[in-house]
Amino acid sequence: MSLQPSAELIPGGFAAEAAAFIETLRSDALPTLAVERAVDAVTDTLACMVLGARQPLEAPLRRSLFGGARAEAGGQVLGRVLAQEGWADAGAETLGTAALYLGTLAHAADFDDISHPAYCHATALLLPPLLVRAAAAGQGGPALIRAYLVGVETMGQLGRRLNTAHYEAGWHATSTLGTLAATAAIAALDGLTPAQTVTALGIAASLASGVRQNFGSMTKPLHAGLPGRSAILATRLAAEGLTSAAQAVDGRFGFFRTFGGEAEAGHAKPWGGPLEVLTENGLALKAYPCCAATHAAIDAARALAGRHAHQALRHVRVGVSRFAIEPLIYLRPTTPLEAKFCMPYCIAVALHDGNVTLDSFTPEAIQRPQIAALMDRIVMEVDERVANDREFASVLDVSLEGGGTDVERVDVASGKPARWMTASDLAHKFFSCCGQGREHAPTRALFDQARQLAGAASLRPLHTALTESLALAVDAGGGAR
């Protein structure tokens, strides 16, 4: 299916292309697989939100956004916000704050999905504003899914124009490209006219930011929350008549040139041809709660650990692409968040424990002497065999204490479209993230509502299950702290 808008409809550049795509998609039947992938991603991200509510950042985030009173815990706040009967009754500040809270929680543990070529965390930044706006406006699951696919497509189109140079310059695309993508998604959900959509994207171009130096800190998850707040503000301002420059995205002093970046030749794809969510790397669910640049290497390490479970390793060389080096900025982590961006740590855990799980990223786990000793034997280098791979392919070469060597190469990590999670794997991850058993009522209700999203006439039941799950997770994580 190709939804490429005709040239006559897009005299205004990128923003007008996005507006034309939105108009075309409004009446087109969505591919079944695209809807299924969207539902899986939403399910996965809802679990990541609940997981995020147990993380240390939840308390300072909640206190700063909603005030310090215990009654103002995230779940109750969202319940109050979304009790509004129509979006016109809840202003951009109220809904935007709710989206900021949810988006930050969704990315707090770095277990949420990724999308290439944007090199961003797609659903963590798109779902929160869509969820609060759709629920407040009384819209159902089909409208949310259609708008979500607009967001993923817009993000992919931005990545295909700017990456990887944009990312390598130090920008975190989740926040920069994500601000424009979330704005396009909300414009689609709200039914803005093409002219209003162009205006909203122009406003969003002045709201985008986010630098990669903040990786390994609590500010990185904030990068997934900020786009939703900005998108709600940009679309409301545009709907109310605030103006922006028509070429704010790709004009001489616009977003593209200011933020920089240029894609490789031949990286372009027609809008919707196919939908980005259906491309080879358009969306991937994370199998491990750490930076995606480590995942292929973790898969390789787990395979080697299985073959050499009772043999000591003398040396481990992790061969990676040039691009994988970019986000992995820590060689010796001092905090669990830093450990998520440390290849030696992730590989040491995979080799020693046989897996990398949520329990791998606790203060106690990163201080284990046996892991520190193994890290001393691990080196990460650019490997010419995978040096130019955009998807973080990795090669592990190991030498054994008793003599002998072994090698394992993984080109496509677990969770990528070619290795998509099974229904069973997704359910296991969901309930692990939520920290509750399958029979726990709020958690079970949240899972069931997520799986039924494509046919949901109302988001109220999902919203109720989410707010109850969040409130319980806040209590489990320490409440007011």
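The numbers here are math on the coordinates, done by the rules we state, and not lab data. Computed from a predicted model, the values in this text were never measured in an experiment. When we count neighbours, we look across all protein chains shown, and the Cβ atoms used for this are built from the backbone with ideal geometry, even at glycine.
Sorting Met343, Met49, Met375 on the 10 Å Cβ count, fewest up front, what's the list?
Met375, Met343, Met49
Give a residue-ordered list of calculated ³J(HN,Hα) values for the stretch 457-467 (Karplus: 6.51 cos²θ - 1.76 cosθ + 1.60, θ = phi - 60°; whole Hz; x for Gly, Pro).
Karplus-based 3J(HN,Hα) across the stretch 457-467 equals 6, 9, 9, 4, x, 5, 4, 4, 5, 5, 5 Hz.
Which of the three applies to the stretch 147-292, rounded, prolate or oblate, going by the alpha-carbon gyration tensor with a ≥ b ≥ c and a/c under 1.5 meaning rounded?
rounded
Run the numbers on the stretch 292-414 and let me know its relative contact order in percent, using alpha-carbon pairs under 8 Å that are six or more apart.
Normalised by residue count, the contact order of the stretch 292-414 is 43 percent.
Please arrange Trp171, Trp420 by counting, for each residue, the other beta carbons lying within 10 Å of its beta carbon, fewest first.
Trp420, Trp171
Over the chain, what is the relative contact order in percent, taking alpha-carbon pairs closer than 8 angstrom and at least six residues apart?
Once divided by the residue count of the chain, the mean separation gives 22 percent.
Kindly write out, for the stretch 36-51 in residue order, the coupling ³J(HN,Hα) from the Karplus curve 6.51 cos²θ - 1.76 cosθ + 1.60 (θ = phi - 60°), rounded to whole Hz, with x marking Gly and Pro.
4, 5, 5, 5, 4, 5, 5, 4, 4, 6, 4, 5, 5, 4, 5, 4
Which option, (i) 44, 25, 20; (ii) 39, 28, 19; (iii) 36, 27, 19, is the value of semi-axes √(5λ) of the Cα gyration tensor in Å that was calculated from these coordinates?
Given (i) 44, 25, 20; (ii) 39, 28, 19; (iii) 36, 27, 19, the calculated one carries the label (iii).
Which order, highest average first, do 148-159, 194-205 follow once you tally other Cβ atoms within 10 Å for each residue and take the mean per peptide?
Taking the mean over residues of other Cβ atoms within 10 Å, the ranking is 148-159, 194-205.
For the stretch 261-266, in order, what is each residue's ³J(HN,Hα) by Karplus, 6.51 cos²θ - 1.76 cosθ + 1.60 with θ = phi - 60°, in whole Hz (x at glycine and Pro)?
x, 8, 7, 5, 4, x
Summing -39500 (n - 2.57) over the DSSP H runs of n ≥ 4 in the chain and dividing by its residue number, what mean residue ellipticity at 222 nm do you reach, to the nearest 500 deg cm²/dmol?
Dividing the helical sum by the residues of the chain leaves -15500 deg cm²/dmol.
Show log10 I(q)/I(0) for the stretch 96-217 at q = 0.10, 0.15 Å⁻¹, two decimals, from a solvent-free Debye sum over equal Cα scatterers.
So the normalised log intensities are -0.28, -0.64.
Roughly what angle does helix 176-190 make with the longest principal axis of the chain, taking Cα atoms, 0 to 90 degrees, to the nearest 10?
40 degrees
For the stretch 90-181, what is the relative contact order in percent, using Cα pairs closer than 8 Å and at least 6 residues apart in sequence?
Dividing the mean separation by the residue count of the stretch 90-181 yields 33 percent.
Of all alpha-carbon pairs in the stretch 167-222, indicate the percentage at a distance above 13 angstrom.
61 percent
Give the lysines whose C-alpha is closer than 26 Å to that of Lys429, dropping any in the same chain fewer than 8 places away, or say none.
Within reach: Lys220, Lys286, Lys340, Lys416.
Give me the dipole magnitude in Debye, nearest 20, for the chain about the Cα centre, with unit charges on the beta carbon: positive for Lys and Arg, negative for Asp and Glu.
Charge dipole of the chain: 620 debye, to the nearest 20.
Is the stretch 292-414 best put as rounded, prolate or oblate by its Cα gyration tensor, with a ≥ b ≥ c the root eigenvalues, rounded for a/c under 1.5, and otherwise prolate when a/b is larger than b/c, oblate when not?
Oblate, because a/c is 1.5 or more while a/b does not exceed b/c.
Non-local amide H neighbours of Val211 (under 5 Å, H modeled in plane, Pro and chain starts lacking H): which ones?
When sequence neighbours closer than 5 places are left aside, the close amide H contacts are His172.
Using the count of nearby Cβ atoms within 10 Å as a rough guide to exposure, how do His308, His463 rank from fewest to most?
His308, His463
If you consider only alpha-carbon coordinates, what radius of gyration and Dmax does the stretch 424-478 have, in Å?
11.3, 36
Once amide H atoms are placed 1.01 Å from N in the peptide plane, what residues at a sequence separation of 5 or more from Val382, or on another chain, have their amide H within under 5 Å of its amide H?
Amide H neighbours of Val382, under 5 Å, 5+ apart: Val320.
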